[in-house]
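Data first, discussion second: the structure below is written as structure tokens.
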Amino acid sequence: MHRPAMRETVRFLLGDELVEIASCDPTRTVLDWLRLDRRRTGTKEGCAEGDCGACTIVVGRLDGGRLRYEAINACIRFLPTLDGCHVLTVEHLRSPDGTLHPVQQAMVDCHGSQCGFCTPGFVMSLLALWLSERAPSVQRIEDALAGNLCRCTGYEPIIAAAQRMDADERERDRFVAAMPAIIARLKALADNETISIDDGERHFYAPATVAALAELVSAHPQATLVAGATDVGLWVTKGMRRLDPVISLGRLDELRAISDEGDHLRFGAMANQVAVREALAGISPQLDEMMRRFGGEQVRNAGTIGGNVANGSPIGDLPPALIALGATLVLRKGSERRELLLEAFFLDYRKQDRQPGEFVEAVLVPKLPRGALFHISKISKRFDEDISAVCGAFYLELDDAGRVSEARLAYGGMAGIPKRAKAAEAALLGGSWDQASVTTAIAALAQDFTPLTDMRASAAYRLKVAGNLLRRFLIETTRPETATRVAGLLAEAAHG
Ligand SMILES: Cc1cc2nc3c(=O)[nH]c(=O)nc-3n(C[C@H](O)[C@H](O)[C@H](O)COP(=O)(O)OP(=O)(O)OC[C@H]3O[C@@H](n4cnc5c(N)ncnc54)[C@H](O)[C@@H]3O)c2cc1C
Ligand code: FES
Ligand code: FES
């Protein structure tokens, strides 16, 4: 067996400085390292769980030939996963001559700060937006800032600051001007060696190829795999867990790819939620809207489709959508692969059909056939950046006579796992897609689910909402304009 060479350091750029780390706790957070080791205290700690954005920094990574800058939460990102990246903190913004960066100046001009605690985080989110987009819309600005909370200024002045950032000035920006040099430096750091470092006690690995990952996971079946760490990070900062060993998937660009395979899309497990959103929008506009509300921008930049599925949370947002669409997982162990319908992957609360040594390599998502109906709704206490209390995703096919010939109704938040409502589906099959059958299907939901009462919602509320979401699906798909469009598609499909 070919073993990749090992590298016993982590290397990245902090501004212009090359940082090389030879010994490190595998789950030391970037925030602690910046504040405690480097005394870069501009980056703040608010919640330490990815919610408030006070700790936002900007991380650049190579994506093909280009440099992609993303806002991320330093509080839940593990330091050794920065290997091969360009890291910018709020301290990098002011020019050596003391001039404020245009993003900072816009915040000053628009009175975007009061106590200032949240301000470095907002400024870094705005910097990431500035570096990646010209003249973003207000909707786009709101999305980019949804992961930053401010308790005193209010958001209007900050949005005004984002609108004031001058697109022409961007062309003269020193970070933009430095991109070719940074790309060259990051390329020089890239290699195919597996990173292997420890702190004398606990171990961290980061393979550079999927083949090396497969070998490592087989050799350390008890290891914690870390993708974006938007779930695992909290096990450490809130759950105080000491993980050992840790295997990071962060260097595996092969696993970030999303490809169109004709009748389905293939998502590499490391595709982040931003890329997943873009690809799923082509399947359904409702999926796009649901993904817009998936965490904040920092969470979407880091979190992956593989992590959302493998985590096995009963309230993860992608599993109901993917189950309703009929998605399949590609699981890999060594060089062996098997395909498994996603709905069969979830066995019981936090128990998945994943063998020791196995990992999720890809998720295959069928495109909607012509005429098929699909809808998804997420109900959460807070509209933005909140986990679902209930999520319902629905897929239907109707025959030429308008009867339901196929139904997949998948819910999150209704059981210990994301689950199909088989009794409700049976109530719909063979009937007309109308008020009467939906009322019968809603009654059948009580056979499918005995939901819990918890801090997000009561059992009675959940059951009521689950039914109402199904009713919404009916209303959305039988409104006159939608019904005409669907009838047209069905007629087209019937005539080949
Ligand atoms: C502030 C905040 C808001 C959030 N909002 C939402 C939301 O709106 N909707 C939602 O669904 N989730 C939300 N989450 C949860 C989280 O962002 C998602 O579940 C995310 O997709 C997890 O992906 P990750 O790459 O960060 O996974 P990680 O945290 O890295 O890993 C999660 C789990 O999956 C395992 N794993 C990861 N990749 C693989 C793989 N390829 N093979 C096998 N196992 C693997 C890990 O070992 C771990 O058990 C939120 C989290 C935070 C912090
Ligand atoms: S400290 Fe709140 S998101 Fe990191
Ligand atoms: S300015 Fe005080 S929290 Fe935002």
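FYI, it's all coordinate maths here, none of it is from the lab. Since the model is a prediction, treat every value here as computed from it, not as a measurement. Methodologically, a virtual Cβ is constructed for each residue, glycine included, from the backbone with ideal geometry; neighbour enumeration extends over all protein chains shown.
Among residues other than residue 195 whose Cβ falls under 10 Å from its Cβ, what is the net charge (Lys/Arg +1, Asp/Glu -1)?
Values: positive: 7, 11, 251; negative: 8, 83, 191, 193.
With Lys, Arg at +1 and Asp, Glu at -1, the net is -1.
Could you please state, rounded to a whole Å, how far the C-alpha centre of the range 198-223 is from the C-alpha centre of the range 61-114?
Each part reduced to its Cα centre gives a spacing of 30 Å.
Quick one: what are the phi-derived ³J(HN,Hα) couplings along the range 310-322, Karplus 6.51/-1.76/1.60 with θ = phi - 60°, whole Hz, x for glycine and proline?
Per residue, the Karplus-derived 3J(HN,Hα) values read 5, 4, x, 5, x, 10, x, 7, 6, x, x, 4, 6 Hz.
Just grab the label-to-label distance for residue 222 and residue 367, each label 7 Å out from Cα along the Cβ direction, in nm (one decimal).
4.7 nm
Could you list which residues have their amide H under 5 Å from that of residue 73, counting only those 5 or more apart in sequence or on another chain, with H placed in the peptide plane?
So residue 73 has HN proximity to no qualifying residue.
Please work out the Cα center distance from the range 23-39 to the range 398-427, rounded to the nearest Å.
Here the two parts' Cα centres lie 47 Å apart.
Does the range 1-202 come out rounded, prolate or oblate, given a ≥ b ≥ c as the square roots of the eigenvalues of its C-alpha gyration tensor, rounded meaning a/c under 1.5 and, failing that, prolate meaning a/b above b/c? Write down the numbers at each step before the final one.
Values: a/c = 2.17, a/b = 1.56, b/c = 1.40.
It is prolate, given that a/c is not under 1.5 and a/b is the larger ratio.
Under the rule a/c < 1.5 gives rounded, and otherwise a/b versus b/c splits prolate from oblate, where does the range 174-322 land using the Cα gyration tensor? Let's see the in-between values first.
Values: a/c = 1.60, a/b = 1.21, b/c = 1.32.
It comes out oblate by the Cα gyration axes.
Roughly how many nanometres apart are two label points built 7 Å out from the Cα toward the Cβ at residue 68 and residue 95?
If labels sit at residue 68 and residue 95, their model points lie 3.1 nm apart.
What percent of all Cα-Cα pairs in the range 96-156 falls in each 10 Å bin, counting up from 0?
21, 56, 21, 2
Loop only per DSSP, at most 11 neighbouring Cβ atoms within 10 Å: give me the trypsin sites (Lys or Arg not before Pro) in the range 150-237, ordered by residue number. Numbers along the way, then the final one.
Details: sites: 151, 164, 170, 172, 174, 185, 187, 202; in loops: 151, 172, 202.
When the trypsin sites (Lys or Arg not before Pro) of the range 150-237 are filtered for loop state and at most 11 Cβ neighbours within 10 Å, 151, 172 remain.
Can you give me the long-range amide H partners of residue 147? Hydrogens built in the peptide plane at 1.01 Å from N, cutoff under 5 Å, separation of 5 or more residues or another chain.
Those qualifying (amide H under 5 Å, at least 5 residues apart or on another chain) are 297, 298.
Let me make sure I get this right: for the chain, a, b and c are the square roots of the gyration tensor eigenvalues over alpha carbons, sorted descending. Under 1.5 in a/c it's rounded, otherwise prolate if a/b > b/c, else oblate. Which is it?
On the way: a/c = 1.90, a/b = 1.44, b/c = 1.32.
The shape class here is prolate.
Considering amide H positions built from the backbone, and no H for Pro or chain starts, which residues 5 or more places from residue 101, or on another chain, come under 5 Å of its amide H?
Counting only residues 5 or more places away or on other chains, the set is 94, 95.
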